[in-house]
Amino acid sequence: MLRLGVVVCVVVICFPGLWVVLAAFRPNVEIMTKPPVWIPHLTLENFEAMLGLLPNVELAIPVGHYFRNSIVASLTSTAVALLIGTMGGYAFARYRFRGKAALFVAFMLSRTIPGVALSLPLFIIWSRIGLIDTSIGLIAVYVAMNVPFTIWLTDGYFRQIPLELSEAALIDGCSRWVAFWRVEFPLARSGLASAGIFAFLTSWNEFALASLLTRSVASKTMPVGLMDYTSQFTIDWVGMCAMAVLIIVPAVVVTFILQRHLIAGLTLGAVKG
Amino acid sequence: MTVIRDPKFAPFLLLLPAIVVIVAVVLIPLLLSFYSSFTAYNLTHPETLLRWIGTRNYERLFGDPDFWWALVRTIVFLTVALNLEMLLGLGLALLVNEVTAGQRTLRTIIMFPMMFSPVLVGFQFSFLFNDNVGLIDNALISLGVIDQPIPWLVGSFSANLTIVLAEVWMSTSIFAILLLAGLFAMPKEPEEAARVDGCNGWQVFRYITLPFLMPFIYIALAIRSLDVGRAYDMVRIMTNGGPAGRTELLWTQMAKVGYQDAHMGLANAMGYVSILLSVAFTFYFYRKLVASRRYMESIA
């Protein structure tokens, strides 16, 4: 009974994704055939077509550019958000100051603004100051999206570290700065890793703001590029599946490398904060 | 320089970059958005940004049945989806907690949907439920259950059902992972004591496990409520609010009014309604979260 339940859950969780991955390796004719073909033929031709490797097929969608834009926007915004957010998280964890609780709530509430609602005024401002359809404009938005959650997670993590440890370092003659790097930073590394994964996944997977603030190969990201397929005359299902595989692979790789930190960071940082 | 070295200012210096970013990218745009919701701003006529029309956008909005439909649909959608996610996540966590062999692998598998972009989840489900190439209809026809494919994403009820299904598939994981962490953190003694005293499985769950898990449930709801607006991505690729507005949520309607119809002023008024909705939602769960944290500290 228990085993059956587990099998059902695993199938429901894994199957939709695997079906898309499988379709990415099948020829389009096979998908369109009636009655449906159940035994798949596998081919790499969808990926070759997508990357423009087939001599007689015109490259429909500049996936390479989109991939590069996505990588640039996600990695840069993750690095910047991690730096800024960790500083903020440290301040919340280690200092008392006026308006602390209110400021913390304000940061969290800033994260709840729906992407579309925020995009409207950003569209107006970014058009005026020339940030529309640029990676810089998108990175700025992603940094602002990721800072609050990074603050939340790192604040929880720094509070886990006993104050006595850094005080001991201070008494031994370290400066506050050295104490931070030698004592607190190494202990909080797991929290930083989990904040990093969340920031990366948020930016890598973001669609609403990217779709409204970018418009050309100069800055369009992968999730936005996926919509290119739907504006064509006939929907290229297998092409979309192939691109979907390119979107999911980096997310899976990053998550699996750091997954130990993901669970630990989320639960510890969020619960004990 | 003495000011900078004063330890009283240290927290503000550390927080300065974060504050600057949020003010520049969130607060200032929100003020502009608030202002422009009182103007007749139209994207094609930039000078209309200065044409003040008072509360006319809001009056127009609240007199528009389409807006009320979208608002009600959004609230119903969130209520149904969040409750389902919470219940299924709880069930999944209890199930995985019982498993002894391969629990780590199972936990990794549960995290799978968390890595998916909402737009990808939307694509995946419109692929599965497509009436031409979709697996669901093909399988039902091959098995002889139906003769004609069901156009899932066309009918009012079935389209909304498919969207809820996609949303639940995407977000149940986060509940399962957090509740599983709660189950791991739970001390074993109270449960054992209750069993010795003759409680059955349901009583143990109802009076011992569930009260202990409540803070974790609120944490999961608080984290989840930060991001309810991302349902826009999914709906955008699945139906884009159609057919004939049957799956229109506040967010898809807002994007259409603002960018397709160019009525930026009106769209910003809708934006403010959606922001208030999200903030109210998060604030509610955050209050619950703070209360339950205090409770946890008091028993720890």
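The values are calculated or read from the model by the stated rules, or taken from the named source; none is laboratory data. What you see is a predicted model, and the numbers here were worked out from it, not measured in a lab. So basically every Cβ, Gly included, is an ideal-geometry build from the backbone, and we count neighbours across all protein chains shown.
Just one of A:F123, A:F158 is touching a Gly at 6+ places or on another chain (Cβ under 9 Å), of a type outside the set (S, T, N, Q) and modelled with pLDDT under 90; which is it? Walk me through it before giving the result.
Values: A:F123 fails: modelled with pLDDT under 90.
Testing whether each residue is touching a Gly at 6+ places or on another chain (Cβ under 9 Å), of a type outside the set (S, T, N, Q) and modelled with pLDDT under 90 leaves just A:F158.
Taking the conditions exactly as written (without any contact (Cβ under 8 Å) to a residue 40 or more places away in the chain and in contact with a Cys (Cβ under 9 Å, 6 or more places away or on another chain)), does B:L32 satisfy them or not?
On the way: without any contact (Cβ under 8 Å) to a residue 40 or more places away in the chain: yes; in contact with a Cys (Cβ under 9 Å, 6 or more places away or on another chain): no.
It is false that B:L32 is without any contact (Cβ under 8 Å) to a residue 40 or more places away in the chain and in contact with a Cys (Cβ under 9 Å, 6 or more places away or on another chain).
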Seminar exercise, completed: Residue hits (the range A:40-88; within 30 Å of A:F180 (Cβ to Cβ) and either touching a His at 6+ places or on another chain (Cβ under 9 Å) or of a type outside the set (G, A, S) (or both)) are A:V72, A:L75, A:T76, A:T78, A:V80, A:L82, A:L83, A:I84, A:T86, A:M87
Seminar exercise, completed: If you go through B:V204, B:V290, B:V228, the only one that is closer than 30 Å to B:F127 by Cβ and of a type in the set (V, I, T) is B:V228
Exercise. So which residues in the range B:163-191 are within 12 Å of chain A (Cβ to nearest Cβ) and among the β-branched types (V, I, T)?
Worked result: B:V168, B:T172, B:I174, B:I177
Seminar exercise, completed: Here, helices (runs of 4 or more DSSP H) confined to the range A:131-190 with at least 3 residues that are buried (at least 19 other Cβ atoms within 10 Å of the Cβ) are A:135-160
Exercise. If a residue has to be more than 7 Å from chain B (Cβ to nearest Cβ) and among the polar types (S, T, N, Q) to count, how many in the range A:106-126 make the cut?
Worked result: 1
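I'd like to know if the range B:286-295 contains one or more residues that are of a type in the set (V, I, T) and either within 8 Å of another protein chain (Cβ to nearest Cβ) or touching a helix residue (DSSP H, G or I) at 6+ places or on another chain (Cβ under 8 Å) (or both).
Looking only at the range B:286-295, we keep the residues that are of a type in the set (V, I, T), and these are B:290.
Of the ones still in play, those that are also either within 8 Å of another protein chain (Cβ to nearest Cβ) or touching a helix residue (DSSP H, G or I) at 6+ places or on another chain (Cβ under 8 Å) (or both) are none.
No, the range B:286-295 contains no residue that is of a type in the set (V, I, T) and either within 8 Å of another protein chain (Cβ to nearest Cβ) or touching a helix residue (DSSP H, G or I) at 6+ places or on another chain (Cβ under 8 Å) (or both).
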For this session: Can you give me the number of residues within the range B:88-143 that are within 25 Å of B:F205 (Cα to Cα), more than 8 Å from every other protein chain (Cβ to nearest Cβ) and without any contact (Cβ under 8 Å) to a residue 24 or more places away in the chain?
Result: 6
Exercise. From the residues in the range A:184-218 that are within 28 Å of B:Y259 (Cα to Cα) and touching a Lys or Arg at 6+ places or on another chain (Cβ under 9 Å), which one is farthest from the other protein chains (Cβ to nearest Cβ)?
Worked result: A:T214
Problem set entry | Some residue of the range B:194-214 being facing chain A (nearest Cβ under 9 Å) and in contact (Cβ under 8 Å) with a residue 60 or more places away in the chain | no
Exercise. Quick one: would you say A:L118 is assigned by TED's automatic domain parsing to the domain that holds A:L163, more than 30 Å from A:D236 (Cβ to Cβ) and surrounded by fewer than 21 Cβ atoms within 10 Å (Cβ to Cβ)?
Worked result: no
Exercise. Within the bounds of the range A:74-97, is there any residue that is surrounded by fewer than 23 Cβ atoms within 10 Å (Cβ to Cβ), small (G, A, S) and in the same structural domain as A:G191 (by TED's automatic domain parsing)?
Worked result: yes
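Conditions tested, residue by residue: (1) touching a His at 6+ places or on another chain (Cβ under 6 Å); (2) loosely packed, with under 13 Cβ neighbours inside 10 Å; (3) not aromatic (F, W, Y).
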residue	(1), (2), (3)
B:K8	no, yes, yes
B:A18	no, no, yes
B:V21	no, no, yes
B:A24	no, no, yes
B:R51	no, no, yes
B:L61	no, no, yes
B:F67	no, no, no
B:A70	no, no, yes
Exercise. So which of B:L106, B:L94 ends up being at negative phi, modelled with pLDDT under 95 and surrounded by 18 or more Cβ atoms within 10 Å (Cβ to Cβ)?
Worked result: B:L106
For this session: Could you tell me which of the residues A:I61, A:I39 is of a type outside the set (D, E), surrounded by fewer than 16 Cβ atoms within 10 Å (Cβ to Cβ) and either more than 11 Å from every other protein chain (Cβ to nearest Cβ) or over 32 Å from the mean Cα position of the chain (by Cα) (or both)?
Result: A:I39
Exercise. What are the residues in the range B:257-275 that are more than 10 Å from chain A (Cβ to nearest Cβ), surrounded by fewer than 20 Cβ atoms within 10 Å (Cβ to Cβ) and not acidic (D, E), if any?
Worked result: B:Q260, B:A262
Problem set entry | First in the range A:217-240 and polar (S, T, N, Q), second anywhere and not in a helix (DSSP H, G or I), Cβ under 8 Å, 6 or more apart | A:S219/A:D133; A:S219/A:T134; A:T221/A:E206; A:T221/A:T214; A:Q232/A:A60
